[in-house]
Amino acid sequence: MPAPTDPPATVPRALLAAAAAVYALAWSLLPPLLTSGFPLDVVESLTWGHEAQWGYYKHPPLAPWVLYLFYRLFGRAGPYLLSQLCIATTLWLVWRLGCRLMTRERALLGTALTMGMVFFTRPALEFNHNVAQMPLWAGIGWALLAALQDGRLRHWLLLGLLAGLGLLTKYSIAVLLLCLAAYLLFTPQRRVLLGWGPWLALLLALAVLAPHLHWLWQSGGQPMAYAGSRTGADDGNPRRHAVTFVGTQWLNHLPLLAIVGLAVLPAWRQARRSAGEPVAWRLHTGWPAYLLVLALAPGLLTALLGLAGVLRVRDMWGVPMWDFSGLLVAAWLPAAWLGAARPRLWRGLAVWLVLISVLSFSYLACVAQWRQRPVRTDWPSAALAAEARASWAGVSRCPLDVVAGQYHLAGALAVALAPQQPSVLIHGDPRHSPWVTAARLRAGGALWVWQGDAPPGPPAPLDQVAGEPGMRSIEGNWRIDWPREPAGRPFVVHWRAYVPAACAPTPATGATQ
């Protein structure tokens, strides 16, 4: 551990805590007030989480479970609150790790500089599996370091638990685990492999993952097939995607680099003019290799796999990979420059967070006017749910149990109908919605929705029961004004209700057809 020779802190901790609380509350409470719908990733995960499966055709189950819980507890603010909780937990774990690598003042500064990356701001408005990985990525890095430094079995067990939960969130966390395994194998730390700790961690991770592995076997490996279709080398040009990935990661770091550059430049100029001792360019930590592996290796490995044509990488895979960039910058800053640069770093970070907040909230409020067309977060979800309730109540005595159709439309409608949220029959492969069976449709029917003039064919297994005796169909459409553009072209949705005989309304209900 380096000696605590850094200058004392210049920002009161109470002020910093208050500013962080105001920031988190603003990003949790303002977005649901400025939007009327959810983006696709949120809708998709909410429809999955409603079903409580051990896996879904795209991803493992942990993120949808937690998101659905937050939505039920906190309503429309739930997804945004969960994103900020993930970011706050990530920062706390980064700080805990930083305190093991450098002085507490450097660790605090490095943790705060983490917010200088774009991935920690605007993308967090759409909670997804990448955002959910952030705290697990940071937790794994901290737990392994604690296990190596303290040698306690509890840290190894915590590492195994976090690794299992990470793989239950998204498989790409395996990139981090692979890099850390290489660190253990190719450094003097490999001596720990002679003890019980790493192997108990591995067993615990497998135990946590076991139910999902069983589901994978039963489902025929659906997420693997989906990942292969998205990342296969024969899908487009993988090298072009790798170059785009690298460019996106650099853009993500641009605010951080600008903040640091503007803060350090005066100190660098002064050092050039003075005849003092030369600046020592080194990482101010006793574990430089570990910090470099955590901060750089996963992103570099992902880029190299893409450039080698092994897989087609996605830009947003990088969201959790840079949890430790701020710590790396803080460890790199020369002690002679730190006193002069630190106030500028704090001011630059404050300006960036205010600027990105104003821009992000303005985008949510005005994107429809800027783009001359509404986006998914402008969808009139509440009015759509009201129309669906009224239409279904007019044709069926049974509760609305299943909504089918185009994924975002059907999902947005189902989510808006919470707390009596129906299940979604995903249009396409029937294996994507195993919770909707022909028997369930025969018992409760379904509401099929679509946009466009020509109706597509009903999804399986709805097409199997549509023409059966006793199953009647009723059609209609809804014309709904856009919340921010009531005088514009209305939001039009076509629907067809499939109602089994057992749910048919009695004459006393006055249902219309």
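The values are calculated or read from the model by the stated rules, or taken from the named source; none is laboratory data. Small disclaimer: the values here were computed from a predicted structure and weren't measured. Positions of Cβ are backbone-derived with ideal geometry, glycine not excepted, and every protein chain shown enters the neighbour counts. Note: areas computed on protein heavy atoms with side chains; ligands, DNA, RNA excluded. Shrake-Rupley method; radii C 1.70, N 1.55, O 1.52, S 1.80 Å.
General observations
- Among the residues listed as Arg106, Arg96, the single one being in contact with a helix residue (DSSP H, G or I) (Cβ under 8 Å, 6 or more places away or on another chain), crowded, with 19+ Cβ neighbours inside 10 Å and charged (D, E, K, R): Arg106
- Any chance Val319 is assigned to a helix (DSSP H, G or I), touching a Phe, Trp or Tyr at 6+ places or on another chain (Cβ under 7 Å), open to solvent by less than 10 Å² (accessible area, probe 1.4 Å) and hydrophobic (A, V, I, L, M, F, W, C): yes
- Test: Pro399 is under 26 Å from the mean Cα position of the chain (by Cα) and not in a helix (DSSP H, G or I): no
- Pick from the range 262-280, criterion modelled with pLDDT of 70 or more and open to solvent by 20 Å² or more (accessible area, probe 1.4 Å), ranking: farthest from Phe245 (Cα to Cα): Gln270
- Qualifying residue in the range 188-206 (condition: surrounded by 14 or more Cβ atoms within 10 Å (Cβ to Cβ) and at pLDDT below 95): no
- Under the condition of being of a type outside the set (Gly, Ala, Ser), touching a His at 6+ places or on another chain (Cβ under 9 Å) and either open to solvent by 30 Å² or more (accessible area, probe 1.4 Å) or in a helix (DSSP H, G or I) (or both), the residues counted in the range 148-187 number 6.
- Failed item, numbered, when Pro419 is tested on (1) open to solvent by 70 Å² or more (accessible area, probe 1.4 Å); (2) more than 29 Å from the chain's Cα centre (by Cα); (3) under 30 Å from Trp54 (Cβ atoms): (2)
- Flag for Arg76 being open to solvent by 20 Å² or more (accessible area, probe 1.4 Å), in contact (Cβ under 8 Å) with a residue 60 or more places away in the chain, over 24 Å from Ala350 (Cα atoms) and not aromatic (Phe, Trp, Tyr): no
- Within the range 319-349, the only residue that satisfies the criterion of being closer than 28 Å to Thr377 by Cα and either of a type in the set (Gly, Ala, Ser) or in contact with a Gly (Cβ under 6 Å, 6 or more places away or on another chain) (or both) is Met321.
- Verdict on Ser391 being over 30 Å from Gly488 (Cβ atoms) and not hydrophobic (A, V, I, L, M, F, W, C): no
- Residue count for the range 422-448, restricted to those that are more than 28 Å from the chain's Cα centre (by Cα), crowded, with 22+ Cβ neighbours inside 10 Å and not in a helix (DSSP H, G or I): 4.
- Check on Arg96, part of a helix (DSSP H, G or I) and touching an Asp or Glu at 6+ places or on another chain (Cβ under 9 Å): no
- Evaluated against (1) in contact with a Phe, Trp or Tyr (Cβ under 7 Å, 6 or more places away or on another chain); (2) assigned to a strand (DSSP E or B); (3) not hydroxyl-bearing (Ser, Thr, Tyr), Pro456 falls short on exactly one condition, (2).
- Contacts under 7 angstrom Cβ, first residue in the range 449-478 being free of Cβ contacts under 8 Å to residues at least 12 places away in the same chain and surrounded by fewer than 17 Cβ atoms within 10 Å (Cβ to Cβ), partner of a type outside the set (A, V, I, L, M) and part of a helix (DSSP H, G or I), 6 or more apart: Gly457/Asp463
- Qualifying residues in the range 40-64 (those that are under 13 Å from the mean Cα position of the chain (by Cα), of a type in the set (A, V, I, L, M, F, W, C) and open to solvent by 10 Å² or more (accessible area, probe 1.4 Å)) - the one nearest to Arg106 (Cα to Cα): Leu62
- Check on Tyr56, farther than 30 Å from Leu209 by Cβ, at pLDDT 95 or above, out of contact with any strand residue (DSSP E or B) (no Cβ under 8 Å at 6 or more places or on another chain) and of a type in the set (Ser, Thr, Tyr): no
- Residue match in the range 228-238 (condition: of a type outside the set (Phe, Trp, Tyr) and modelled with pLDDT of 95 or more): no
- Taken over the range 364-383, residues that are surrounded by fewer than 13 Cβ atoms within 10 Å (Cβ to Cβ) and assigned to a loop (DSSP other than H, G, I, E, B) amount to 1.
- Test: Ala88 is open to solvent by 30 Å² or more (accessible area, probe 1.4 Å), in contact with a helix residue (DSSP H, G or I) (Cβ under 9 Å, 6 or more places away or on another chain) and at positive phi: no
- The set of residues in the range 491-508 that are within 21 Å of Ala385 (Cβ to Cβ) and either part of a strand (DSSP E or B) or open to solvent by 40 Å² or more (accessible area, probe 1.4 Å) (or both) comprises Phe491, Val492, Val493, His494, Trp495, Arg496, Ala497, Tyr498, Val499.
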